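The values are calculated or read from the model by the stated rules, or taken from the named source; none is laboratory data. Since we're looking at a predicted model, the values are computed, not measured. Positions of Cβ are backbone-derived with ideal geometry, glycine not excepted, and every protein chain shown enters the neighbour counts.
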Amino acid sequence: MMKRLPTLASLQAFESAARHRSFTRAAVELHRTQGAVSQQIRHLEEHLGLVLFERVRQRIILTNAGGAYLDDVQRMLADITESTYRAMAAGGHQSLNLGVLPSFANSWLVRRIPRFVERHPTININFISRNLPFDFQESRLDAAIHYGEPTWAEAAIYFLLDEKKVAVCSPDFKQRHSIAGPRDLVGVPLLQLRSLTLAWADWFEHRQIAAEKATQGFRFDSFNLIAEAAKVGLGAALLPEFQIHREVEAGHLEIIPSTPGPSNRAYYFVCPEEKSAMPTVVAFRDWIQEEAALERSAVGVVA
C-alpha cells in the first residue's frame, strides 16, 4: 500500500523552522505553539524515515538530508502559493501565463493590452518579466516574448517585429556636441547595453567609420535604463525604433539620421509546441501578430 504524503501543515512547519533555524520563530510565523511545531516536524521525520534536524545546544541545524529536502519543499510551497494567487486573480476567467521582456513590455506591449482586453474580456494575463531566456519546463509559462534569433527547442515561433535600432540622444546633448550625423558620434559618450557590448562597434563598422572607443561608456542591463540615461543627457544610445516613438514625439529624444544597418535579431512570440493550440495562446498570438503588423506598417524611421 502506498504511503500517504506528509500533511501541508507539517511541510510548512519544516520549511519555516529550517528558514529561521528556530522552532520558536517558526511557531510565531505560523501562529502555532512551539510544541506543535516541534511535534509536526517529529512526525514528518518519522514519516520520511529521515533525520531533518540536529539539535545542538538549544539550536537546530539542518542535516544533509534535511537541506536536500528543503529545496524541494520550498519549490513546492512556492508553486502552491503562486497557483493559489493566480487562481484568485483570475476570478474564474481563463488565464494566460506570459513571459515578457521588461523593456518590450513597458515601452510597447502594456499600453496595447487594453485592446486585447476589449476583444477577450474573459482572459486574464499573468505577466512574468525577465531579461534572460525563459525555460518553459521550469517556469510553467504558456508563452513568452523572445528577443534574438528564431531558435527555440520544441517551441512554436511567430515573428513580430524586426530589431531596428536608431541612434538617439537628448536635444541638449545633440547641441552640446554639435551632432548632425553618424561621424559626429565618434568620441562622444556612448551608452552600452551589457548583453550587446559590440552594438556600437558594429554600428560604426557598418558605416565605415573608425571609432576606437565604440565599446566604452556607461553600461546598462536594459533598454529602459538606457533610454532614461539618454533622456537626461548621459550619452548617445542605440535603441529599438518602436521603443522611442513617444520620447521622440514629446521632444525628449532626437534621432540621428543614418543609413539602415543589418540585424539578425528580432522579437518573436513563442510557446511550447504542446500549448500552441490552447485557446488562450491562440487568442493572444493572433492579437499580438495583428498589433505587430500595424506597428510595422506605421514605422518609417531609418536605423
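Here residue 163 clears all of (1) charged (D, E, K, R); (2) under 26 Å from residue 129 (Cα atoms); (3) at pLDDT 90 or above except the condition numbered (3).
Residue count for the range 208-237, restricted to those that are surrounded by 14 or more Cβ atoms within 10 Å (Cβ to Cβ), of a type in the set (A, V, I, L, M) and assigned to a loop (DSSP other than H, G, I, E, B): 4. Any residue that is over 18 Å from residue 75 (Cβ atoms), of a type in the set (S, T, N, Q) and not in a helix (DSSP H, G or I) - is there at least one of those in the range 39-52? Checked the range 39-52: no residue is over 18 Å from residue 75 (Cβ atoms), of a type in the set (S, T, N, Q) and not in a helix (DSSP H, G or I). So which residues in the range 186-205 are surrounded by 14 or more Cβ atoms within 10 Å (Cβ to Cβ) and touching an Asp or Glu at 6+ places or on another chain (Cβ under 8 Å)? Of everything in the range 186-205, those that are surrounded by 14 or more Cβ atoms within 10 Å (Cβ to Cβ) and touching an Asp or Glu at 6+ places or on another chain (Cβ under 8 Å) turn out to be 193, 195. Can we say residue 75 is closer than 21 Å to residue 140 by Cα, at pLDDT below 90 and assigned by TED's automatic domain parsing to the domain that holds residue 289? No, not satisfied. Looking across 235, 217, one residue alone is over 23 Å from the mean Cα position of the chain (by Cα) and over 15 Å from residue 166 (Cα atoms). It is 217.
Check whether at least one residue in the range 23-39 is more than 19 Å from residue 62 (Cα to Cα), of a type in the set (Val, Ile, Thr) and touching a helix residue (DSSP H, G or I) at 6+ places or on another chain (Cβ under 7 Å), and report yes or no. Looking through the range 23-39, at least one residue is more than 19 Å from residue 62 (Cα to Cα), of a type in the set (Val, Ile, Thr) and touching a helix residue (DSSP H, G or I) at 6+ places or on another chain (Cβ under 7 Å).
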